[in-house]
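Single-structure report; data block below.
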Amino acid sequence: MITHTFRYDPRDISRIYFFDSAFGRAQTTDGKAPVSEVNPYREIPFANTSRPAVSLWEVRREYQRAKQNGKSIHSEAELFEAIAEKEKILNQAQRATRKARKQSTGEVVRIEKPLEAIAQDIFSSPVIRFRTED
């Protein structure tokens, strides 16, 4: 039985890494590169490189959101459609927030009491001491 080792970075699962032990040996026995410079991991990107990079947490969150909404994700295309929909909602919310900020009157809210009076109120309250059993 032949086994292969694959690794991934959970912050960006748009590529996985295949451990190629033969590659590392071939490079070092040649003398082309010192052992410290040889990387025996081969990078394998998404089949469709036009897809955005996503984290493992984003993928899990989309599966959970689909499950909560009574849907299920069965393909890579459905997953990226769900991620694109989430991004669209996020962008709309950001635009709405910017618009609301621009439309605000810009009034500065004034505190009725000066800072010294607030500090006086806070620090003039009696101190409650607790007796501890030793």
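Pairwise Cα distances in the range 55-101 exceed 11 Å for 69 percent of all pairs.
How high is the FRET efficiency from Tyr41 to Ile2, r the C-beta distance, R0 22 Å, rounded to 0.05?
On the way: r = 18 Å, r/R0 = 0.81.
Once the sixth-power term is evaluated, E becomes 0.80.
Quick note: the coordinates plus some simple rules give every number you see, no bench work behind them. Predicted model only: the values in this text are computed from it and were never measured. Backbone-built Cβ (ideal geometry, glycine too); neighbour counts: all protein chains shown.
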